[in-house]
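First up is the structure itself, then whatever we jot down about it.
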Amino acid sequence: MKQRKHTLAVSLDDWPQWHRGIHQYAVWCLPVDDPQWLAFIDQAQTLLSPWLHPGYARQPHITLFAAGLVDKNHYNADMQAAQIQSLELYSLSPVLLTASCLSTFATAPWLGIEDVNNQLESLRSLISKGVEEDSPAQQYQPHITLGFYHDSYPLADLTQRFEQLQQQAAKLPTLEITELHLCYYNTQEIQGKLTLEHSIQLVEKTL
């Protein structure tokens with residue numbers, strides 16, 4: 001496959017052909033609220049701001065599973081209840097993660113995540129019981145999205161910034177996450193905030 005040399009511009013227009021009038025989209029994710037990580041993410045977004053759309057409001061998070069458009073024909077209340085029940089049956093340990101590489105999709109730069117104890121695939125497996133993921137990637141890549149490109153740019157122009165950020169990412173402490181969130185976002189706001197719908201504690205149960 002030919003390697004891409006340019007980013008793709010992301011349109012912030014409404015996409016009714018995608019959401020078909022459905023107002024919410026659901027994702028299972030891990031919230032990132034460690035102060036050092038948040039400071040680094042803010043630094044990265046500032047450094048990359050010449051290439052990104054302003055106003056990216058989505059809270060730092062690692063998406064585990066794209067549940068889909070929220071309505072009775074796609075991701076409905078029964079599916080949500082089944083996923084929550086499946087997760088709450090298990091003793092779920094806190095997730096330990098470290099920062100890996102700075103990289104980019106065609107549409108967005110991201111901070112890669114290393115799964116210290118190989119817990120993410122287990123969580124994804126529990127979430128997916130009886131519910132298929134919406135448009136899954138060929139290979140799951142845990143990451144934190146840093147924003148969306150507002151134009152097509154040579155990727156070579158971003159290399160120096162990524163190298164600069166990589167040095168700082170290597171200094172980040174291990175991230176311990178103790179909650180799993182089911183969140184919704186407004187389908188008409190591609191950069192809009194996540195709204196918490198349900199939270200599951202990642203804490204081992206004691207007898």
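The values are calculated or read from the model by the stated rules, or taken from the named source; none is laboratory data. Because the structure is a prediction, the values reported are computed rather than measured. Here Cβ is always computed from backbone atoms with ideal geometry, including for glycine, and neighbour counts include all displayed protein chains. Heavy atoms of the whole protein, side chains included, go into the accessibility calculation; ligands, DNA and RNA do not. Shrake-Rupley method; radii C 1.70, N 1.55, O 1.52, S 1.80 Å.
Output the residues belonging to region 174-204 that are under 17 Å from GLN119 (Cα atoms) and touching a helix residue (DSSP H, G or I) at 6+ places or on another chain (Cβ under 9 Å).
Listed by number, the residues that qualify are LEU175, LEU180, ILE200, LEU202.
Within region 36-47, residues that are closer than 14 Å to LEU102 by Cα and touching a residue at least 60 places away in the same chain (Cβ under 8 Å) reach partners that are open to solvent by 80 Å² or more (accessible area, probe 1.4 Å) and assigned to a helix (DSSP H, G or I) with beta carbons closer than 8 Å, at six or more positions or on different chains, in the pairs LEU47/GLN164. Residues in region 110-152 that are open to solvent by 40 Å² or more (accessible area, probe 1.4 Å) and touching a Ser or Thr at 6+ places or on another chain (Cβ under 7 Å): GLU114, VAL116, LYS129, SER152.
Check whether at least one residue in region 30-50 is in a strand (DSSP E or B), closer than 19 Å to GLU133 by Cβ and of a type outside the set (A, V, I, L, M, F, W, C), and report yes or no.
In the first step, residues of region 30-50 are kept if they are in a strand (DSSP E or B); the result is 30-31.
Right, trim to closer than 19 Å to GLU133 by Cβ and you get 30.
Still in the running and of a type outside the set (A, V, I, L, M, F, W, C): none.
No, region 30-50 contains no residue that is in a strand (DSSP E or B), closer than 19 Å to GLU133 by Cβ and of a type outside the set (A, V, I, L, M, F, W, C).
Within region 13-34, the set of residues being within 18 Å of the chain's Cα centre (by Cα) and open to solvent by 20 Å² or more (accessible area, probe 1.4 Å) comprises GLN24, PRO31, ASP33, ASP34.
The listed residues are LEU182, LEU196, and the only one of them that is in contact (Cβ under 8 Å) with a residue 12 or more places away in the chain, outside any helix (DSSP H, G or I), farther than 14 Å from LEU111 by Cα and open to solvent by 60 Å² or more (accessible area, probe 1.4 Å) turns out to be LEU196. Per the conditions (1) surrounded by 13 or more Cβ atoms within 10 Å (Cβ to Cβ); (2) touching a Pro at 6+ places or on another chain (Cβ under 9 Å), the sole criterion not satisfied by LEU47 is (2).
Of all residues in region 52-94, those satisfying the criterion of being hydrophobic (A, V, I, L, M, F, W, C), in contact (Cβ under 8 Å) with a residue 40 or more places away in the chain and open to solvent by 30 Å² or more (accessible area, probe 1.4 Å) are ALA57, VAL70, MET79, ALA82.
Out of ASP151, ASP157, ASP134, one residue alone is modelled with pLDDT of 95 or more and acidic (Asp, Glu). It is ASP151.
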